[in-house]
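Okay, so here's the structure we're looking at.
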Amino acid sequence: MIKEYEVHTYDTDVSRNLSFVALTNFLQDAAASHAIRLQLGYNDLQQQRLAWVLRQMRVETSRRAAWGDTLTIETWPRRPDRLFAHRDFLVHDGKGEEVARATTSWLIIDTEKRKHILMDPAMFEHYNFREREVFDEPLRSLPKVKEAERVYGKTVYFSDLDMNDHVNNVSYIRWIMDAVAREEGEEVWPASFNIQHGHEVFLGQETGVYKTTGGDHTLYQVRIEETGLTAATALVWR
């Protein structure tokens, strides 16, 4: 599927360029739109008390789009395994130049039991899988880190939640990019961003964003303060 997005003022940051958070919102919107076309969208799954949950996303950027630019996002599903569904993306500007590429892995969860289920091949009867991959290597689990420096704390508000009543995937990205900005200045555009989601976080919970710096990258973690459980881990290269 191919879908166009105009970069509006509310998609930009202080530099008047596309923000990284807006880019990831575009990616997830394109994925949702394609899932609806393939009859496995939000409403289709809700009828079975199921929902898509993003497990991991890796985004590599080539350049920044500016306010007023039009982006073209091409997305396609790759064949799932028993646990994960896989989807890739290519993002180009109006001149046909690549802005970013991304790959994602997704779980399907039982919304009542809050547990993931195994993929049923019969679910994907309307899918036309492509074996084309935007990266040479598959997604791999991110490292676990116990010792890290606390950057700041965040209380979960209504604006952080999505239709599944937990913190939205992009909210974690926004929190982490805010942590990057605290350390490196206001204008933030990562060359590479790899985020892996863990435990769900709900309204009113207290979280903390932590970091561990190593070489040319920084590992960020969003932790649930009461339990110490990791809600999200991200490797960020500048």
**Fill in**
Filtering the stretch 7-44 down to residues that are buried (at least 18 other Cβ atoms within 10 Å of the Cβ), assigned to a helix (DSSP H, G or I) and not small (Gly, Ala, Ser) yields Asp11, Phe20, Val21, Leu23, Thr24, Asn25, Phe26, Leu27, Gln28, His34
**Sole exception among (1) of a type outside the set (D, E, K, R); (2) in a strand (DSSP E or B); (3) closer than 20 Å to Ile36 by Cβ for Tyr127, by number** = (2)
**Message:** For the stretch 200-227, give me each residue that is farther than 17 Å from Asp178 by Cα, modelled with pLDDT of 95 or more and of a type outside the set (Asp, Glu).
**Reply:** Val201, Phe202, Leu203, Gly204, Gln205, Ile224, Thr227
**Among the residues listed as Trp175, Trp106, the single one being assigned to a strand (DSSP E or B) and at pLDDT 95 or above** = Trp106
**Complete:** Counting only residues that are out of contact with any Leu (no Cβ under 7 Å at 6 or more places or on another chain) and touching a residue at least 60 places away in the same chain (Cβ under 8 Å), the stretch 74-115 contains a total of 4
**Complete:** Residue count, the stretch 116-133, condition surrounded by 12 or more Cβ atoms within 10 Å (Cβ to Cβ) and touching a residue at least 60 places away in the same chain (Cβ under 8 Å), comes to 5
**Prompt:** For His116, which of the numbered conditions (1) modelled with pLDDT under 90; (2) within 20 Å of the chain's Cα centre (by Cα) fails to hold?
**Reply:** (1)
**Prompt:** Got a number for residues in the stretch 186-238 being farther than 18 Å from Phe20 by Cβ, in contact with a His (Cβ under 7 Å, 6 or more places away or on another chain) and surrounded by 15 or more Cβ atoms within 10 Å (Cβ to Cβ)?
**Reply:** 5
**Request:** Select, from Arg87, Arg64, the only residue that is basic (Lys, Arg) and either at pLDDT 95 or above or under 20 Å from Leu229 (Cα atoms) (or both).
**Result:** Arg87
**Prompt:** Taking the stated definitions as given, is Val188 among the aliphatic types (A, V, I, L, M), farther than 20 Å from Ile36 by Cβ, assigned to a loop (DSSP other than H, G, I, E, B) and not assigned by TED's automatic domain parsing to the domain that holds Tyr42?
**Reply:** yes
**Test for Ile195: is it under 24 Å from Ser105 (Cβ atoms), under 17 Å from the mean Cα position of the chain (by Cα) and assigned to a strand (DSSP E or B)** = yes
**Prompt:** Would the stretch 93-115 turn up any residue that is surrounded by fewer than 16 Cβ atoms within 10 Å (Cβ to Cβ), hydrophobic (A, V, I, L, M, F, W, C) and outside the structural domain of Pro190 (by TED's automatic domain parsing)?
**Reply:** no
**Complete:** Thr75 fails exactly one of (1) part of a loop (DSSP other than H, G, I, E, B); (2) in contact with a strand residue (DSSP E or B) (Cβ under 7 Å, 6 or more places away or on another chain), namely (1)
**Prompt:** Restricting the stretch 161-179 to residues that are within 15 Å of the chain's Cα centre (by Cα) and without any contact (Cβ under 8 Å) to a residue 40 or more places away in the chain, which is nearest to His86 (Cα to Cα)?
**Reply:** Asn168
**Request:** Could you tell me whether Arg182 is at pLDDT below 90, charged (D, E, K, R) and either over 22 Å from Arg82 (Cα atoms) or surrounded by 12 or more Cβ atoms within 10 Å (Cβ to Cβ) (or both)?
**Result:** yes
**Request:** Determine whether the stretch 130-143 contains at least one residue that is hydroxyl-bearing (Ser, Thr, Tyr) and under 25 Å from Ile73 (Cα atoms).
**Result:** no
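The values are calculated or read from the model by the stated rules, or taken from the named source; none is laboratory data. Since the structure is predicted, the reported quantities are computational estimates derived from the model, not experimental observations. Because the Cβ atoms are built from the backbone with ideal geometry, glycine has one as well, and the counts that use them run over all protein chains shown.
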